[in-house]
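Asker: Just passing along the structure, written as structure tokens.
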Amino acid sequence: LPIGVIATGFANEIQKHEFIVTWRLIAKVPLFSDLNADQIANIAGMLTPLLVPPGHVVVKQGDNADAMFFIISGEVEVEIKTNPVILRPGDFFGEAGILRESVRMADVISQTECQLLELRKEKFNELIRMFPELGVHVEDVMESRINDNTDITTKTLSPS
């Protein structure tokens, strides 16, 4: 019985520590910077921290979009044929597939070891219901990225 009590207490402490670590990571994401501590605490349970080695394919073009990711540390490359894009801490990716309910549009490969926060599609929808302004911001970023890439493609493909 004493071992069970100690094990339960230890497990509870680990959960508290993981929550605090996740909370600190969330607070670093610019998208969540205007949220208060209670709001961040609500989001903490929705996100899963991931540690990804260099050269890891985080998102594969053509796969079903089931999550988006926030970069806490490290760099990833979005492999867009005409103009690869490097994303750094504070950036996010994978939102387009979720918002458009489509497949992944590009491979995303870690360039360095990356600390990411994963937000599954169901939790994303829940988050947007709780904080509609976050959904608007994510959509604005997505539209800007698509327009930037379209402009680059148009400039590259247009005859001179």
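Asker: Which one is farthest from Val59 (Cα to Cα), of the residues in the stretch 93-122 that are open to solvent by 10 Å² or more (accessible area, probe 1.4 Å) and either aromatic (Phe, Trp, Tyr) or assigned to a strand (DSSP E or B) (or both)?
Answerer: Among those residues, the one meeting the criterion is Gln115.
Asker: Please enumerate the residues belonging to the stretch 70-107 that are closer than 22 Å to Gly135 by Cα and aliphatic (A, V, I, L, M).
Answerer: Result: Ile71, Ile72, Val78, Leu87, Ala96, Ile98, Leu99, Val103, Met105, Ala106.
Asker: Looking only at the stretch 43-65, how many residues end up being assigned to a loop (DSSP other than H, G, I, E, B) and either in contact with an Asp or Glu (Cβ under 9 Å, 6 or more places away or on another chain) or over 24 Å from Met130 (Cα atoms) (or both)?
Answerer: 10
Asker: A follow-up question, please. Among Ile40, Ile26, Ile14, which is open to solvent by less than 80 Å² (accessible area, probe 1.4 Å), out of contact with any Leu (no Cβ under 8 Å at 6 or more places or on another chain), modelled with pLDDT of 70 or more and in a helix (DSSP H, G or I)? Lay out the reasoning, then the answer.
Answerer: Numbers: Ile26 fails: out of contact with any Leu (no Cβ under 8 Å at 6 or more places or on another chain); Ile14 fails: modelled with pLDDT of 70 or more.
When all the criteria are applied, what remains is Ile40.
Asker: Another one. Which one of these does Gly55 not meet: (1) modelled with pLDDT under 75; (2) under 23 Å from Gln111 (Cα atoms); (3) among the small types (Gly, Ala, Ser)?
Answerer: (1)
Asker: Given the residues Asn83, Asn147, Asn125, which is the only one that is more than 20 Å from Pro30 (Cβ to Cβ), part of a helix (DSSP H, G or I) and open to solvent by less than 70 Å² (accessible area, probe 1.4 Å)?
Answerer: That would be Asn125, the only listed residue that is more than 20 Å from Pro30 (Cβ to Cβ), part of a helix (DSSP H, G or I) and open to solvent by less than 70 Å² (accessible area, probe 1.4 Å).
The values are calculated or read from the model by the stated rules, or taken from the named source; none is laboratory data. Keep in mind the model is a prediction, meaning the values are calculated, not measured. Glycine also receives a Cβ, built like all others from the backbone with ideal geometry; neighbour counts cover every protein chain displayed. Remember, those area values only see protein heavy atoms, side chains included, never the ligands or the DNA or RNA. Shrake-Rupley method; radii C 1.70, N 1.55, O 1.52, S 1.80 Å.
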